[in-house]
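Novice: Quick one: this structure, given as structure tokens, is what I'll be asking you about.
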Amino acid sequence: MSEYIIKMDEKMARKRYPKGYFAREQKNIRRSAWFIYFTFGLIGAIAAAFAVLFIRQLLIDLQAGHDALGSALPVIAVCVGLAIFSIGLIVVFVRRHGRNIEQWMKQYAERSALPVDDMRMLDRQCVEPGSYLLQIAGKKKALLEN
């Protein structure tokens with residue numbers, strides 16, 4: 001069990017939480033946000049391009065007298081839905097990316113039904129030597145860090 005619960009010393013606290021717990025969370029979200037922007041921007045652009053391509057081909061087929069409406073509409077709907085979903089995720093991450101530490105503390109406090117002062121206390125206690133760190137990955141994580 002000791003490989004899952006680790007007592008932090010000063011060196012580990014400075015390495016993991018140099019400016020506090022919420023500053024680290026904000027940094028992690030900012031780091032992952034660029035990946036989300038790129039990935040879902042690319043997926044959304046490809047889905048929108050395919051939707052335009054299928055709509056254009058549907059119009060060409062309808063002008064030629066072919067009945068392709070039944071088979072093309074589900075594909076167009078999936079492409080448009082994927083593009084809208086991608087844009088929605090980008091909007092969510094832009095909003096999360098723009099939050100500051102106080103806004104994060106406020107949100108965590110609302111979700112946990114605790115006052116914001118308790119969140120500030122958690123932020124301070126996290127960097128104190130003697131705090132405990134829970135590592136879900138256990139031995140694998142400990143091997144990678146040592």
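Novice: Given F38, F54, F22, which one is aromatic (F, W, Y), farther than 30 Å from V127 by Cα and surrounded by 12 or more Cβ atoms within 10 Å (Cβ to Cβ)?
Specialist: When all the criteria are applied, what remains is F54.
Novice: So which pairs qualify, if the first residue must be in segment 99-116 and in contact (Cβ under 8 Å) with a residue 40 or more places away in the chain, the second must be in a helix (DSSP H, G or I) and of a type in the set (G, A, S), the Cβ gap must be under 8 Å, and the two must be at least 6 apart or on different chains?
Specialist: Correct list of pairs: I101/A23.
Novice: Pick from I84, I76: which is part of a helix (DSSP H, G or I), aliphatic (A, V, I, L, M) and either in contact with a Lys or Arg (Cβ under 7 Å, 6 or more places away or on another chain) or buried (at least 17 other Cβ atoms within 10 Å of the Cβ) (or both)?
Specialist: Working: I84 fails: either in contact with a Lys or Arg (Cβ under 7 Å, 6 or more places away or on another chain) or buried (at least 17 other Cβ atoms within 10 Å of the Cβ) (or both).
Among I84, I76, only I76 is part of a helix (DSSP H, G or I), aliphatic (A, V, I, L, M) and either in contact with a Lys or Arg (Cβ under 7 Å, 6 or more places away or on another chain) or buried (at least 17 other Cβ atoms within 10 Å of the Cβ) (or both).
Novice: Look at segment 103-132 and say how many of its residues are under 22 Å from I5 (Cβ atoms) and of a type in the set (G, A, S).
Specialist: Looking only at that region, the number is 3.
Novice: Something else about it: Cβ-Cβ below 9 Å, separation at least six or inter-chain, first residue in segment 58-83 and farther than 21 Å from G44 by Cα, second among the charged types (D, E, K, R) and not in a helix (DSSP H, G or I): which pairs?
Specialist: Taking only residues 6 or more apart or on different chains, the pairs are D61/D67.
Novice: Here is a further query. Examine segment 17-36 for a residue that is free of Cβ contacts under 8 Å to residues at least 60 places away in the same chain, part of a helix (DSSP H, G or I) and aliphatic (A, V, I, L, M), and state whether such a residue exists.
Specialist: yes
Novice: Across segment 115-131, what is the total count of residues that are surrounded by 14 or more Cβ atoms within 10 Å (Cβ to Cβ) and either within 11 Å of M8 (Cβ to Cβ) or out of contact with any helix residue (DSSP H, G or I) (no Cβ under 8 Å at 6 or more places or on another chain) (or both)?
Specialist: 3
Every number in this text was worked out from the coordinates using simple rules, so none of it is lab data. Model, not experiment: these values are computed from the prediction. Glycine also receives a Cβ, built like all others from the backbone with ideal geometry; neighbour counts cover every protein chain displayed.
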